[in-house]
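Peer 1: Pasting a structure below so you can have a look.
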Amino acid sequence: MSTSKTKYALGMLSLLVSGAATADAQTNYLSHRPMRPLPTATTPPLAKGVTYFVDAAKGDDKNDGSKARPWKTIQHGVQRLKPGQTLYLRGGTYYEKVRITRSGLEEAPIVIASYPGELAVIDGGLREFFESPETSWEPVTPLPEGEGKGVRAAEGEFVSTKVYPNVDERPIPHQFLPGAWEPMWGIEDERPLALGHFGDSMVPLHGYRTALDLRSANEYTPPDRKPPRTVGVYCGPGLWYNRETGRIHIRLAHHRMPGLGERAYRGETDPRKLKLVIAVGFGDAVLRVNGVRHVTIQGIVFRGATGSPMIEIYGSENIHLDHLTVYGGFPGLLVNASQNIQVTHCAFRGLAAPWSGRSHMKYYGTASYQIVFQNSQPLNENIELAYCEFTDDHDCAFLRYVKNLRFHHNFVDNFNDDGLECGPKLRSHSMYIYQNRIGACLGVFQQHEIDKDEAPAGHDPKSGVYVYRNVFDQRAGVYYHLPAKADPTGEFLHAEGHFISDHGGPVFPVMRVYHNTLLRRTPVFRDHYLFGLGNVGLNKTERDVFNNIFVQMERVPGIGFIGAKEARDLREGGNLLWGLKDGPGLKADPFAKFRKSALFVVSQKNYEPGWTTQDRVANPKFVRLSADEVSPDLRLEADSPGVNNGQPVPGAWPDPLRDADQGAPDIGALPFGVDVWGVGVDGRISLFGGMTAK
């Protein structure tokens, strides 16, 4: 790896592992340093009106629910709530699964919240592994070669002292996901049934499908992924549920693979010395909101889900999730047949540990999503996801079944497969994705084909997926391929993947992509034009790409139209392209050859100026950007070619910064002179990466 790549990778690793380090830097973690900031209590004003209290440690459900005589369980308290009342959870851990079945009124919602200044945790798992780990595990003595049945136990393997029967009951899943993960065709016996986290850092434990992998000494690509495999893959500290004995197995062996660097596990290997969050089973949400209206849930930590939704909202209206922290779940949030749902200032942390790659999760573990919208009737409508953090998982958000989605001021980072799936072209399909910082995803905008011929020929001309005023920074890359051999450089951790791509050649939605700033280290696949927006997924649909800045650290973004035999319905212009390293050495117009081609002439039929004629290759002159800059300053200098050189876009297209853009349109996410905004929980992360001063 080059010097600049090394510096940048280490810088991004610092952000990944420390989570911009709001956790105390002096804390000694027995397991591994937290990947992101750990949750802290919020201090909103005390509610006015009738309030009740629950306390997991001191309460009793025979009490009256007052502050002096609190109830013990959340479910007991929830069943007694009436419109306008608040249920406060005193600090502590509640080992229960909660069902919200009481509604409030528009003028008098029901509120369920952590008591101000205290942090309540709802855990759907098994309390003994957190409260008494020293008596919950016993070592497994490895059998000599040739003795016993099945695969020999490994050095450092432990097994639960208790038996957990009936875990493999196989309820029908509530969620449907792409990629045929539900059901697990032909491998249902391998569904991971034990998932968890280190209790001190909330770093995920791997949910193993087979004992072969849990016990393996190999960390590289095996000779064959198809059964019967004889070589396993150790995917890091993790759990495996033994269906024959009903016991949970755990192994916390250190990594030996070169190149992982600070991501490698080097912590305690004896689970009896660690507090662990562990849940078993499948198919049951930790929090279910079913058929209710006007409910707010605030300031709570959720953990202890298995391969099931952590929070499930079904057939409900006017639900507000605020300042929640969600660890795991498959998905973390499942919404179905619901309307007017707000999710604000929430942190969703996935199942990808620092050492977890795409192959680990897709082939040997749980290929999880964080957010899923399902397609029962009525269709999900009027959904807002704002000031949230979505991090560290396999896939991010399956947004396909939503009408009128607002996705804004969010921080999206470290997804080793798909990022945002917006669904196919529909007659009326309005999504608004704006003012976010979207970082490392193997495929930022991904698409699956599910239903044949699902996209209509026509559509409402005002509908579409509107993508505007975002910063996309893919430079960190993700852990994609499992190395076949030792690679001390660690380059395998930084695959940038695609900006826009698909599975199966589906019809993409109509997309309006304007006023964004996009950064990459290396070219996209086939060096496609405009990072792929210029010619990927344009069959039977249309796309507008205006006033965006595309910058690569290596090479100048290309004008590849490989495979394009006809001009699709693309309108584009006012885009600024630059290569940080190679741009200054350009001696000719890179578009000149293309403008002499037959494809260019045909492109003028859909957009009269023709592709590339309104675009420019030039240094955008950011305030600060270098090849190894982790948190650049992407504001434009006064003499930037991005100032007053964009193309007019329709006034009907939404733009919160239109009035702040003086003169002709500026190019990129930030008009000249506009203040930088924060994203994520309470806007604590800068649009350019790193923590804000808040």
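The values are calculated or read from the model by the stated rules, or taken from the named source; none is laboratory data. Quantities reported herein were computed from a predicted structural model and do not represent experimental measurements. With ideal geometry, Cβ positions are generated from the backbone for all residues, glycine too; neighbour counts draw on all protein chains shown.
Peer 1: In region 261-317, how many are of a type outside the set (A, V, I, L, M, F, W, C) and assigned to a loop (DSSP other than H, G, I, E, B)? Step through it out loud before you land on a result.
Peer 2: Our first condition is that a residue be of a type outside the set (A, V, I, L, M, F, W, C); within region 261-317, this holds for 261-263, 265-273, 275, 281, 283-284, 288, 290-291, 293-294, 296, 298-299, 303-304, 306-309, 312, 314-317.
Next, only the ones that are assigned to a loop (DSSP other than H, G, I, E, B) stay: 265-270, 275, 281, 283-284, 291, 299, 304, 306-309, 315-316.
Going through region 261-317 one residue at a time, the tally reaches 19.
Peer 1: Take VAL551 and decide whether it is of a type in the set (A, V, I, L, M) and in a strand (DSSP E or B).
Peer 2: In short, yes.
Peer 1: What strands (runs of 3 or more DSSP E) lie completely within region 465-534 and have 2 or more residues being within 19 Å of the chain's Cα centre (by Cα) and at pLDDT below 95?
Peer 2: So the answer is 498-503.
Peer 1: Continuing with this model, one more query. Go through (1) assigned to a helix (DSSP H, G or I); (2) buried (at least 19 other Cβ atoms within 10 Å of the Cβ) and name the single condition GLU134 misses.
Peer 2: Evaluating GLU134 over (1) assigned to a helix (DSSP H, G or I); (2) buried (at least 19 other Cβ atoms within 10 Å of the Cβ) leaves (2) as the failure.
Peer 1: I'd like to know if region 26-47 contains one or more residues that are of a type in the set (D, E, K, R), at pLDDT 95 or above and in contact with a strand residue (DSSP E or B) (Cβ under 7 Å, 6 or more places away or on another chain).
Peer 2: yes
Peer 1: Examine region 492-510 for a residue that is of a type in the set (Asp, Glu) and within 19 Å of TYR401 (Cα to Cα), and state whether such a residue exists.
Peer 2: Yes, region 492-510 contains at least one residue that is of a type in the set (Asp, Glu) and within 19 Å of TYR401 (Cα to Cα).
Peer 1: If only one of ARG229, ARG266 is among the basic types (Lys, Arg) and either under 30 Å from PRO109 (Cα atoms) or touching a residue at least 24 places away in the same chain (Cβ under 8 Å) (or both), which one is it?
Peer 2: The conditions single out ARG266.
So that you can scan it fast, the table gives a plain yes or no per residue for (1) small (Gly, Ala, Ser); (2) assigned to a strand (DSSP E or B); (3) surrounded by fewer than 24 Cβ atoms within 10 Å (Cβ to Cβ); (4) at pLDDT 95 or above:
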position: PRO183; (1), (2), (3), (4): no, no, yes, no
position: GLY186; (1), (2), (3), (4): yes, no, yes, no
position: GLY196; (1), (2), (3), (4): yes, yes, no, yes
position: SER201; (1), (2), (3), (4): yes, no, yes, yes
position: LEU205; (1), (2), (3), (4): no, yes, no, yes
position: PRO222; (1), (2), (3), (4): no, no, yes, no
position: ILE248; (1), (2), (3), (4): no, yes, no, yes
position: ALA253; (1), (2), (3), (4): yes, no, yes, yes
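Peer 1: Continuing with the same structure: Quick one: would you say LEU634 is outside any loop (DSSP other than H, G, I, E, B), surrounded by 18 or more Cβ atoms within 10 Å (Cβ to Cβ) and among the hydrophobic types (A, V, I, L, M, F, W, C)?
Peer 2: yes
Peer 1: Being in contact (Cβ under 8 Å) with a residue 12 or more places away in the chain and in contact with a helix residue (DSSP H, G or I) (Cβ under 7 Å, 6 or more places away or on another chain): is that true of ILE549 here?
Peer 2: Taking the combined requirement at face value, the residue does not satisfy it.
Peer 1: Then there is this: Tally time: how many residues in region 306-340 are surrounded by fewer than 24 Cβ atoms within 10 Å (Cβ to Cβ) and among the hydrophobic types (A, V, I, L, M, F, W, C)?
Peer 2: Number of matching residues: 2.
Peer 1: Can you tell me which of (1) part of a loop (DSSP other than H, G, I, E, B); (2) touching a residue at least 12 places away in the same chain (Cβ under 8 Å); (3) surrounded by fewer than 16 Cβ atoms within 10 Å (Cβ to Cβ) is the one PRO584 doesn't meet?
Peer 2: (1) is the only condition that PRO584 fails.
Peer 1: Could you look through region 356-397, keep only residues that are in contact with a Phe, Trp or Tyr (Cβ under 6 Å, 6 or more places away or on another chain) and aromatic (Phe, Trp, Tyr), and pick out the one that is surrounded by the most Cβ atoms within 10 Å (Cβ to Cβ)?
Peer 2: Checking each candidate, the answer is PHE390.
Peer 1: Please state which one of GLY563, GLY558 is surrounded by fewer than 19 Cβ atoms within 10 Å (Cβ to Cβ) and at pLDDT below 90.
Peer 2: GLY563
Peer 1: Let me ask another. List every residue pair whose Cβ atoms sit under 6 Å apart, with the two residues 6 or more apart in sequence or on different chains, where the first one lies in region 647-667 and is free of Cβ contacts under 8 Å to residues at least 24 places away in the same chain and the second, anywhere, is surrounded by 14 or more Cβ atoms within 10 Å (Cβ to Cβ).
Peer 2: ALA660/PRO671; ALA660/VAL674; ASP661/PRO671; GLY663/ASN644; ALA664/ASN644
Peer 1: Against the definition (without any contact (Cβ under 8 Å) to a residue 40 or more places away in the chain, within 16 Å of ILE433 (Cβ to Cβ) and buried (at least 24 other Cβ atoms within 10 Å of the Cβ)), how does PHE531 come out, yes or no?
Peer 2: When the stated conditions are applied, PHE531 passes them.
Peer 1: Sticking with this structure for a sec: Hey, among SER376, SER428, SER368, which residue is assigned to a loop (DSSP other than H, G, I, E, B) and in contact with a Leu (Cβ under 6 Å, 6 or more places away or on another chain)?
Peer 2: On the way: SER376 fails: in contact with a Leu (Cβ under 6 Å, 6 or more places away or on another chain); SER428 fails: in contact with a Leu (Cβ under 6 Å, 6 or more places away or on another chain).
It is SER368.
Peer 1: Now for a different question. In region 605-622, is there at least one residue being modelled with pLDDT of 95 or more and within 29 Å of the chain's Cα centre (by Cα)?
Peer 2: yes
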